[in-house]
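> Mind having a look at this structure? Questions to follow.
The values are calculated or read from the model by the stated rules, or taken from the named source; none is laboratory data. Model, not experiment: these values are computed from the prediction. Quick reminder, even Gly has a Cβ in these numbers, built from the backbone with ideal geometry, and neighbours come from all protein chains shown. Please note that ligands, DNA and RNA were not included when accessible areas were found on the heavy atoms of the full protein model with its side chains. Shrake-Rupley method; radii C 1.70, N 1.55, O 1.52, S 1.80 Å.
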Amino acid sequence: MRKKIVAGNWKMNKTFSEADDLIFKISELINENYPMDVMVVVCPPFPYLELATDLTQDNDISIGAQNVSNHDSGAYTGEVAAAMLKSIDVEYCIIGHSERRKYFNESSKLLAEKVNILLKNDIIPIFCCGELLPEREANNHFNIVEKQITDALWHLDSEQFKKIVLAYEPVWAIGTGVNATPEQAQEMHAFIRGIISTKYGTEVAENTTILYGGSCNSKNAKELFANPDVDGGLIGGASLKAEEFVKIIESF
Ligand code: 13P
């Protein structure tokens, strides 16, 4: 079902005690003033996931991972399996982030495998897509985003696809302080919903949650989230401070 979601992607930040403190503060602030129709997801680094699921078990915050192995289990040194995430109550997992595509050469084929393994373990993939600046300047951004989505997701049947959350994150907006304008975000989100509708039908498309990510903060969240096809945000830097993150949640 289409949901409003604000998800924090902490990336590779925070020590254990800082993570403890941040989750505690977010929980405290949210409990005071929680917009009930917005789902809050916090995605800390692997070593803090169990702490995060423990600290949030009595509130409405859900916990997500930032990566998962494409293998079930076995001799894959350094990897973390979907079943392990499930066993500590992780509910979401970010997949296809541009940083993983760029620094870890993640291909659409690998992402398709990761999506499959997450769905098999009943974890919701937050699938990221988004173009580079030269691709937008060449007016190729719709093609790029369409290819990222179709290559990694179009093998799913509609029951499986209904479980996916999408995040449009233009790479030129990530960590730059230059967010997509509300018009640019709406245009791309409507395009994405359109291709989903063509493939899976209007009902599935209307029920798909599509988040915006890239320099989203408490100052621009309201106008970004006001768009009919923007269902929330995937927040990087601004999710690292409890007050700022909660202000973004309250922007709906
Ligand atoms: P920033 O909010 O820091 O631009 O990062 C966005 C992002 O990459 C979230 O996944």
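> In Å and on Cα atoms, what radius of gyration and Dmax does the stretch 1-62 show?
That works out to 11.6, 35 Å for Rg and Dmax.
> Suppose only helical runs count, i.e. DSSP H with n ≥ 4. What mean residue ellipticity at 222 nm does that imply for the chain under -39500 (n - 2.57) per run, divided by all residues and rounded to the nearest 500 deg cm²/dmol?
Mean residue ellipticity at 222 nm (helix-derived): -12000 deg cm²/dmol.
> Separate question: What is the dipole size for the stretch 30-87, taken about its Cα centre, with +1 at each Lys and Arg Cβ and -1 at each Asp and Glu Cβ, in debye to the nearest 20?
220 debye
> Follow-up. In whole percent, how big is the carbon plus sulfur part of the accessible area of the chain, probe 1.4 Å, protein atoms only?
51 percent
> 5 Å is the cut-off here: which amide hydrogens, built 1.01 Å from N in the peptide plane, fall below it relative to Tyr92, excluding neighbours closer than 5 in sequence?
Ile63, Gly64, Ala65, Ile124
> Using the Cβ atoms and a cut-off under 12 Å, what net charge is assigned to the surroundings of Asp21, where Lys and Arg are +1 and Asp and Glu are -1?
Net charge around Asp21: 0.
> If you don't mind, there's one more thing I want to ask. Send over the Kirkwood Rh of the stretch 7-148, from the inverse of the averaged 1/r over different Cα pairs, rounded to one decimal Å.
So the Kirkwood estimate lands at 16.3 Å.
> Right, another one. Please report the orientation-averaged projected area of the stretch 41-88, defined via the convex hull of its C-alpha atoms, in nm².
So the mean shadow area of the Cα hull is 3.3 nm².
> Counting only other residues whose beta carbon sits under 9 Å from that of Ala238, what net charge do I get with K and R as +1, D and E as -1?
The answer is +1.
> Translational diffusion coefficient, Stokes-Einstein: compute it for the stretch 163-252 using the Kirkwood radius over C-alpha pairs as Rh, at 20 °C and 1.002 mPa s, and state it as an integer in µm² s⁻¹.
The estimated diffusion coefficient comes to 162 µm²/s.
> Give me the percent relative contact order of the stretch 20-142, please, defined on Cα pairs under 8 angstrom at least 6 residues apart.
21 percent
> What base-10 log of the normalised intensity I(q)/I(0) is obtained for the stretch 85-226 from the Debye formula, alpha carbons as equal point scatterers, at q = 0.22 Å⁻¹?
Each listed q maps to, in turn, -1.50.
> I'd like to check one number: the per residue accessible area of the chain, probe 1.4 Å, reported in Å² as a whole number.
45 Å²
> Which Cα, out of Leu224, Leu240, Ala180, lies furthest along the positive dipole direction of the stretch 150-243 (beta carbon charges, K/R +1, D/E -1)?
Of the options given, the answer is Leu240.
> Would you please put 60-70, 217-227, 151-161 in order of how densely packed they are, using the mean number of other Cβ atoms within 10 angstrom per residue and starting with the highest?
In decreasing order of mean packing, 60-70, 217-227, 151-161 become 60-70, 217-227, 151-161.
> Restricting to the chain, what percent of DSSP beta bridges are antiparallel, rounded to 5?
Bridges in the chain are about 0 percent antiparallel.
> Here is a follow-up. From the protein chains alone at 1.4 Å, what is the descending order of accessible area for Leu111, Leu51, largest first?
My answer, sorted largest first, is Leu51, Leu111.
> Starting from a Cα-only point model with no solvent, please compute log10 I(q)/I(0) by Debye for the chain at q = 0.08, 0.11 1/Å.
With no solvent term, the Cα-only Debye profile gives -0.27, -0.53.
> Between the stretch 56-89 and the stretch 171-215, how far is it from one alpha carbon centroid to the other, in angstrom?
Here the two parts' Cα centres lie 26 Å apart.
> Which semi-axis lengths, in whole Å and largest first, follow from the square roots of five times the eigenvalues of the Cα gyration tensor of the stretch 106-154?
Gyration-tensor ellipsoid for the stretch 106-154: 25, 9, 8 Å.
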